[in-house]
Amino acid sequence: MEQYRALSGEVIVYERPTGALAVFLARVVDAAHDPDVTESAFTELLYGRDNPLLDQTVFADRGMVTPGTKQQPAFGVMLDLLEQKWVQVGTLEARAVLPPKADPAHTMTVDEGGARMSVSPGAVRRLVESGQVVGSGEGDGLRLDPASVDAWVEQHDLDGDTRKWVMVEDVEVVLAELHILMGRRGGAVFQVKYPGELDEVTVIGDNRAGTLRRWSSVVVLLADQERCEFHLLRPAARREVLALRGFFVRGGFELAQSITDPDMAPAAFEGFEPA
């Protein structure tokens, strides 16, 4: 076992790295102590394509921090080395005193991003938290990278608002299409139970995509190494998205029930019959 003393005085204990992780951690250590390596260059290295602790299946030009990444002690060492770089360039004190601010390049508001992606502000924030959309800042100051938003829209092939409203006995009712991409990839499973059949179906290997136009309940089971969740979806006017490792359900729905217990979620999924 290795020990590392952080700037805070905390001692981080982690297994001696091997292979690609050992090589990459050595690069991070060297870059942290090299005054010729700028803060920006160090950050690009830390969150780039070469970091084996990041999920490299989501973005083309960088990795994504996952809950599993955060649980790795070696990643804690890397984050502390980032703070050491801040000390080296003289920005640590400012970061400690001032609240996080948005990157100047991140110019899109949450509402603007939601309109562009056709999802709710809450869904936008969840996409930022999961690393699927790049953003910075906190609370009302959260701003999005327009290029990242455009990439997300392109990846999900959005074709405008798919919600339709009809009048039934003078009551406005939403008929909400769902766009679904489900399957298995890199240890992740995204399963969907739905009534009837999908339209416009595309099948590639274990992955299946299509559009569901008539439904009143749909259930989703999403799981990877860090989580296993069951979600019951009901039609709603506000557009939402559930996503994992590039798989998704998006359209007009609300979460009527969610189960995050890894023992209960699969049983709930197996026992539910959507309508």
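The values are calculated or read from the model by the stated rules, or taken from the named source; none is laboratory data. Note that this is a predicted model, so its numbers are computed, not measured. Positions of Cβ are generated from backbone atoms using ideal geometry, with glycine treated the same way; all protein chains shown enter the neighbour counts.
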Count - residues of the range 115-142 that are buried (at least 17 other Cβ atoms within 10 Å of the Cβ), over 15 Å from the mean Cα position of the chain (by Cα) and assigned to a helix (DSSP H, G or I): 1
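How many residues does the range 216-260 contain that are free of Cβ contacts under 8 Å to residues at least 24 places away in the same chain and not basic (Lys, Arg)?
Of the range 216-260, the ones free of Cβ contacts under 8 Å to residues at least 24 places away in the same chain are 234, 242, 254.
Now narrow it down to the ones that are not basic (Lys, Arg): 242, 254.
Looking only at that region, the number is 2.
Is it fair to say Val189 is β-branched (Val, Ile, Thr), at pLDDT 85 or above and outside any loop (DSSP other than H, G, I, E, B)? Spell out the reasoning first.
Numbers: β-branched (Val, Ile, Thr): yes; at pLDDT 85 or above: yes; outside any loop (DSSP other than H, G, I, E, B): yes.
Spelling it out, Val189 is indeed β-branched (Val, Ile, Thr), at pLDDT 85 or above and outside any loop (DSSP other than H, G, I, E, B).
Picking from Glu240, Glu254, Glu226, which residue would you name as being surrounded by fewer than 22 Cβ atoms within 10 Å (Cβ to Cβ), out of contact with any strand residue (DSSP E or B) (no Cβ under 6 Å at 6 or more places or on another chain) and among the acidic types (Asp, Glu)? Steps first, answer last, please.
Numbers: Glu240 fails: out of contact with any strand residue (DSSP E or B) (no Cβ under 6 Å at 6 or more places or on another chain); Glu254 fails: out of contact with any strand residue (DSSP E or B) (no Cβ under 6 Å at 6 or more places or on another chain).
Of the residues listed, the single one that is surrounded by fewer than 22 Cβ atoms within 10 Å (Cβ to Cβ), out of contact with any strand residue (DSSP E or B) (no Cβ under 6 Å at 6 or more places or on another chain) and among the acidic types (Asp, Glu) is Glu226.
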Residue in the range 5-14 that is in the same structural domain as Val77 (by TED's automatic domain parsing), under 19 Å from Arg62 (Cα atoms) and either part of a helix (DSSP H, G or I) or β-branched (Val, Ile, Thr) (or both) present: no
